[in-house]
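The values are calculated or read from the model by the stated rules, or taken from the named source; none is laboratory data. Keep in mind that this is a model prediction, so the values were computed, not measured. Cβ coordinates were reconstructed from backbone atoms using ideal geometry, including for glycine residues, and neighbour counts include every protein chain displayed. Keep in mind that these areas ignore ligands, DNA and RNA; they rest on the heavy atoms of the full protein, side chains included. Shrake-Rupley method; radii C 1.70, N 1.55, O 1.52, S 1.80 Å.
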Amino acid sequence: DVKVTQSSRYLVKRTGEKVFLECVQDMDHENMFWYRQDPGLGLRLIYFSYDVKMKEKGDIPEGYSVSREKKERFSLILESASTNQTSMYLCASSGVRPQHFGDGTRLSIL
Amino acid sequence: GENVEQHPSTLSVQEGDSAVIKCTYSDSASNYFPWYKQELGKRPQLIIDIRSNVGEKKDQRIAVTLNKTAKHFSLHITETQPEDSAVYFCAASIRGPNTGNQFYFGTGTSLTVIP
């Protein structure tokens, strides 16, 4: 069974901090994704990666960056956290199809 | 890029009735359409999917239909049960030549099944 593991379920940080969200998958999937989930807005794609060291911007990349140094790991970085980045963050991975999701990280920026 | 619209945003049905959720997409290149169920506090889980070369797919009480000409697809749940209560997301996927799969999600439908 595919397993996508996000490093934290809940995280509280302060404005201006640099925040790292980690995601690891164990199925040798090429594609990995970071989404943000907010009420009434569904799942919005922040960044995705289709290969090691490759990344593509999604719909809302501003204020975020990503890193994919190894195939199994995809990191989301908030360079300088702001309160409007308080949200649920979901990581996903896929081979040809379909997507498998992690449990999510609920991030609060104070 | 692709744009997926989902309706309704909320849906309440009596237990035993059917529920229908509809999605439209804009890019005719989309070729894969998964549906996810997300229970409160849990990750989205794939419940059914359909590919563009198929018009309908059924799995027990759940079915999905696809109309490529009209660019819309729908989720049908029959004989609803309280445990069907959740948020449902549709998605459309385009497989690019060099970029793997991209998934575009609808905004979700909160389904409540009233016992």
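Here's the yes/no breakdown for (1) at negative phi; (2) among the acidic types (Asp, Glu); (3) touching a residue at least 24 places away in the same chain (Cβ under 8 Å):
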position	(1), (2), (3)
A:Met27	yes, no, yes
A:Glu30	yes, yes, yes
A:Pro39	yes, no, no
A:Lys57	yes, no, no
A:Ser65	yes, no, no
A:Thr83	yes, no, yes
Filter pass, B:Ile62 being free of Cβ contacts under 8 Å to residues at least 60 places away in the same chain, of a type in the set (A, V, I, L, M, F, W, C), closer than 30 Å to A:Glu56 by Cα and surrounded by 13 or more Cβ atoms within 10 Å (Cβ to Cβ) = no
query = open to solvent by 30 Å² or more (accessible area, probe 1.4 Å), within 14 Å of chain A (Cβ to nearest Cβ), small (Gly, Ala, Ser) and over 13 Å from the mean Cα position of the chain (by Cα), is that true of B:Gly16?
reply = no
Single residue of region A:1-60 satisfying the filter (among the basic types (Lys, Arg) and under 19 Å from A:Pro98 (Cβ atoms)) that is nearest to the other protein chains (Cβ to nearest Cβ) = A:Arg44
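Looking at region B:86-97, is at least one residue more than 30 Å from A:Lys3 (Cβ to Cβ) and either open to solvent by less than 10 Å² (accessible area, probe 1.4 Å) or not hydroxyl-bearing (Ser, Thr, Tyr) (or both)? Steps first, answer last, please.
At the first step, the residues of region B:86-97 found to be more than 30 Å from A:Lys3 (Cβ to Cβ) are none.
The answer is no; no qualifying residue exists.
The rows are residues; the columns are (1) farther than 23 Å from A:Ser94 by Cα; (2) in contact (Cβ under 8 Å) with a residue 40 or more places away in the chain; (3) open to solvent by 60 Å² or more (accessible area, probe 1.4 Å); (4) charged (D, E, K, R).
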position: B:Ser30; (1), (2), (3), (4): no, yes, no, no
position: B:Trp35; (1), (2), (3), (4): no, yes, no, no
position: B:Glu39; (1), (2), (3), (4): no, yes, yes, yes
position: B:Asn53; (1), (2), (3), (4): no, no, yes, no
position: B:Lys57; (1), (2), (3), (4): no, no, yes, yes
position: B:Phe73; (1), (2), (3), (4): no, yes, no, no
position: B:Ile77; (1), (2), (3), (4): yes, yes, no, no
position: B:Thr80; (1), (2), (3), (4): yes, yes, no, no
position: B:Asn101; (1), (2), (3), (4): no, yes, no, no
ask   = What number of residues within region B:33-54 are more than 9 Å from chain A (Cβ to nearest Cβ) and assigned to a strand (DSSP E or B)?
value = 6
query = Considering region A:7-32 alone, what residues qualify as being under 17 Å from A:Glu69 (Cβ atoms) and either within 14 Å of the chain's Cα centre (by Cα) or of a type in the set (Val, Ile, Thr) (or both)?
reply = A:Ser7, A:Phe20, A:Leu21, A:Glu22, A:Cys23, A:Val24, A:Gln25, A:Asn31, A:Met32
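Test B:Pro44 against the criterion of being touching a residue at least 12 places away in the same chain (Cβ under 8 Å), at negative phi and in contact with a Leu (Cβ under 7 Å, 6 or more places away or on another chain), and give yes or no. Show your work before the answer.
On the way: touching a residue at least 12 places away in the same chain (Cβ under 8 Å): yes; at negative phi: yes; in contact with a Leu (Cβ under 7 Å, 6 or more places away or on another chain): no.
Here the answer is no, as B:Pro44 does not meet what is asked.
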